[in-house]
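Here is the structure we will look at, set down as structure tokens.
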Amino acid sequence: AGAPASATTISVPLLSPKPLGLARAVFMQEPAESRNVQGLLHHLVAEKKFDKRRNIKAATFSPTGRRVAVVLGDNSVRIIDAFSGKELTSLRGHTEPINDAAFSADGERIVTGSDDDTIRIWNSRTGAQIGEPLKGAGEDINGVAFSPDGKRIASASESDRATIRDAETGKVLLYLES
């Protein structure tokens, strides 16, 4: 599982055992929006009491704040309207629990990372998977993010390795190790 010939490996000291983190906090300035999101998350948390596979592992807003990607313990992500709480679509295809999800800056794509050692890119509106899954290094993928320009994807694995890939081709561009 060494670095490809075209990739560069850089060791950097990291304060967190999970370089990109597993949770994101978003604070809404608009009180009405905040109440809608709190109600949505409360509803999803209530489902957890009846079905352990529905536990919420992560949640992230789209760039506009109109949609929320909610990572559930049933190997899926639900895309929810942040104002009505209505499910818009779901992302299904991972074979193990998903640990993280992130929207691209334009809100059109979502990247997910899973215990199945794959990173997947999805159309955020239709829920269709874009391309083939990107394989990790044989470890759980704990965190994912798009670069601000949407051209690269960062992923963090269990061994404290972050990998930077080309979002279009999946080619590994850089490894960051702690």
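The values are calculated or read from the model by the stated rules, or taken from the named source; none is laboratory data. These numbers come from a predicted model, not from an experiment. We place every Cβ from the backbone using ideal geometry, glycine too, and count neighbours over all the protein chains shown. SASA here: full protein model, heavy atoms, side chains in, ligands and nucleic acids out. Shrake-Rupley method; radii C 1.70, N 1.55, O 1.52, S 1.80 Å.
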For region 135-142, state whether one or more residues are open to solvent by 50 Å² or more (accessible area, probe 1.4 Å), assigned to a strand (DSSP E or B) and free of Cβ contacts under 8 Å to residues at least 60 places away in the same chain. yes
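Table: residues versus (1) assigned to a helix (DSSP H, G or I); (2) at pLDDT below 50; (3) touching a helix residue (DSSP H, G or I) at 6+ places or on another chain (Cβ under 6 Å).
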position: L22; (1), (2), (3): no, yes, no
position: R35; (1), (2), (3): yes, no, no
position: G39; (1), (2), (3): yes, no, no
position: L44; (1), (2), (3): yes, no, no
position: I79; (1), (2), (3): no, no, no
Restricting to region 82-96, and then to whatever is assigned to a loop (DSSP other than H, G, I, E, B) and open to solvent by less than 50 Å² (accessible area, probe 1.4 Å), can you tell me which residue is farthest from V172 (Cα to Cα)? G85
Out of all the residues in region 141-153, which are among the small types (G, A, S) and under 10 Å from the mean Cα position of the chain (by Cα)? G143, A145
Residue list for region 97-115, restricted to those being in a loop (DSSP other than H, G, I, E, B) and without any contact (Cβ under 8 Å) to a residue 40 or more places away in the chain: E108, D115
